[in-house]
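S.K.: Before I ask anything, here is the structure I am working with.
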Amino acid sequence: MRVLTYNIHGWRTPTSEAALNLDAVEQVIGDADADLVGLNEVFHPWPTDEGPALAALAARLGLYFAFGPAMMAEQSPIGIPYGNALLSRWPILAYAAHRLGVGTDGEPRGLLEARVRLPSGRPFTLYVTHLDHRSETLRLEQWRAALTWLTRERGRPHLVIGDFNALSARDYPDEKAVRDLHAARAAHTWPAPAFDLVAQIEKAGYGDAFALAGVGDGATFPAVAPEMRIDYIFLPAERAGDLLRCWRWEHPLAAAASDHLPVCAELA
């Protein structure tokens, strides 16, 4: 099983709010040849000549899709629901959108829960989320809300993926690395770094796929000269033996398609 997580920047290229990135996103995802793809920052139904962009993307790739709104049309700045999505090579049996609270920017945050039928006939659940981008306190609150649904999956194979906007202490192993991180974030006027969320996710029984089996550089943001790893694939710790490898998907069009780079993982 190959899984991809990708923040697609609201169907717009990172350099122009007027430029649709559908073609580039299709190429990036299609060439990854993933079986399950979690998407963040999805407006649906975003209009295109082929119909809604999400439906068009799924049709081009020959995949099923599901959408979980975090923000309804009346809350959206452009009048289109906004949230997380799943593309699946296998039939989607059921899906639901769960609310996780409101972010520092007033944007509601959500969790898409989707159950697919594997070729073996067994069900498999994927959770796709996108947490607050500025406050670790809010991210922790949103994670605790997500656990309301995740606790039902104990003992069953599932994944939790998406843009967590969180940093892992494992990526900054010494004092110099932490000092450099503080300086870099201050230069961007970003909040001071915190490592609590990833630690809490691991404490809840999940393994960070890149920390367990990462290959190469894991930083995913910004897409051009990435500095931080904030996009994750988490799996139940007891399933760590199923993980074969995890890597940043470096496609020639990725930096032109979105402000994030995707992350891939392969599992037995």
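S.K.: Sorted by packing (mean other beta-carbon atoms within 10 Å per residue), highest first, where do 147-159, 190-202 land? Before the final figure, lay out the partial values.
M.R.: Numbers: 147-159: 14.6, 190-202: 16.7.
Taking the mean over residues of other Cβ atoms within 10 Å, the ranking is 190-202, 147-159.
S.K.: What does the net charge come to around residue 104 if you take all other residues with beta carbon closer than 9 Å to its beta carbon, with K and R at +1 and D and E at -1?
M.R.: -2
S.K.: Note down the net charge around residue 77, summing +1 for each Lys or Arg and -1 for each Asp or Glu among other residues with Cβ under 15 Å from its Cβ.
M.R.: -4
S.K.: Mean separation of Cα pairs under 8 Å and 6+ residues apart, divided by the residue count of region 116-268: what relative contact order is that in percent?
M.R.: The normalised contact order for region 116-268 reaches 21 percent.
S.K.: Which ³J(HN,Hα) values, rounded to whole Hz and listed in residue order, are derived for region 243-256 from phi using the Karplus coefficients 6.51, -1.76 and 1.60 in 6.51 cos²θ - 1.76 cosθ + 1.60 with θ = phi - 60°, glycine and proline given as x?
M.R.: For region 243-256, the Karplus-derived couplings read 7, 9, 6, 9, 7, 6, 7, 9, 9, x, 9, 4, 6, 8 Hz, x marking Gly and Pro.
S.K.: Which far-off residues, 5 or more places away or on another chain, put their amide H under 5 Å from the one on residue 243, with H placed in the peptide plane?
M.R.: Counting only residues 5 or more places away or on other chains, the set is 268.
S.K.: Would you mind getting the Kirkwood hydrodynamic radius of the chain from its Cα pairs, rounded to one decimal in Å?
M.R.: 18.5
S.K.: Per DSSP helix of 4 or more residues, -39500 (n - 2.57); summed, then divided by the residues of the chain. What does that give at 222 nm, rounded to the nearest 500?
M.R.: Numbers: 7 runs with 65 residues, N = 268.
Value at 222 nm, helices only, nearest 500: -7000 deg cm²/dmol.
S.K.: Does region 1-153 come out rounded, prolate or oblate, given a ≥ b ≥ c as the square roots of the eigenvalues of its C-alpha gyration tensor, rounded meaning a/c under 1.5 and, failing that, prolate meaning a/b above b/c?
M.R.: Oblate, since a/c reaches 1.5 and b/c is not below a/b.
S.K.: Using a probe of 1.4 angstrom, how much of the accessible area of the chain is carbon and sulfur, in percent?
M.R.: C and S atoms contribute 54 percent here.
S.K.: Right, here's the next one. Once you order the gyration tensor axes a ≥ b ≥ c over the Cα atoms, which shape class does region 155-268 get: rounded for a/c under 1.5, otherwise prolate or oblate by comparing a/b with b/c? Working shown, then result.
M.R.: On the way: a/c = 2.07, a/b = 1.30, b/c = 1.59.
The shape class here is oblate.
S.K.: Then there is this: With every protein chain kept in place and ligands, DNA and RNA left out, what is the accessible area per residue of region 43-154? Probe 1.4 Å, answer in Å².
M.R.: For region 43-154, the solvent-accessible area averages 44 Å² per residue.
The values are calculated or read from the model by the stated rules, or taken from the named source; none is laboratory data. Note that the coordinates shown come from a computational prediction; the quantities given were computed from them, not determined experimentally. When we count neighbours, we look across all protein chains shown, and the Cβ atoms used for this are built from the backbone with ideal geometry, even at glycine. SASA here: full protein model, heavy atoms, side chains in, ligands and nucleic acids out. Shrake-Rupley method; radii C 1.70, N 1.55, O 1.52, S 1.80 Å.
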